[in-house]
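Presented below is the structure to which this report refers.
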Amino acid sequence: MSTSLLEEALETWGIGNAVMKTSEEVGELLMAMHHWYGEASTGKGTGEKGSDMDLAMEVADVEIMMAQLRILVGDALVTELKIGKLQRLRKRLDNAKKTGCGR
């Protein structure tokens, strides 16, 4: 993803817009996830609501906005925190396998 393009968007529309747009896109992602999961879990997918395409479009929108937020708060900080969270996930998965607490 082009950092310069994302920086230009931040410069053009400002931090407030980025925050509000991120909130909007996350809300749309939540709705798409619920529709997609409902269609997937019932096996009644019609393609009208809850399609893979709908979900993928919202994921793409949120990823673009998340990239802008990473610029605002510092990419290195987000990366550092993400590494810690992934390490914690690894420990939880290992523990779930040991105890048989997985699905």
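Any read-out appearing in this document is the output of simple, stated calculations on the displayed coordinates, not a laboratory observation. Remember, predicted model here, so these are calculated numbers, not experimental data. Here the Cβ is made from the backbone with ideal geometry for all residues, glycine too, and neighbour counts use every protein chain on show.
A few comments on the model shown:
- For the range 73-86, putting each phi into the Karplus relation 6.51 cos²θ - 1.76 cosθ + 1.60 with θ = phi - 60° gives couplings of 9, x, 4, 5, 5, 4, 4, 4, 5, 5, 4, x, 5, 5 Hz, in residue order, rounded to whole numbers and with x for Gly and Pro.
- For the chain, a crude dipole built from +1 on the beta carbon of Lys and Arg and -1 on the beta carbon of Asp and Glu, taken about the Cα centre, is about 1100 debye to the nearest 20.
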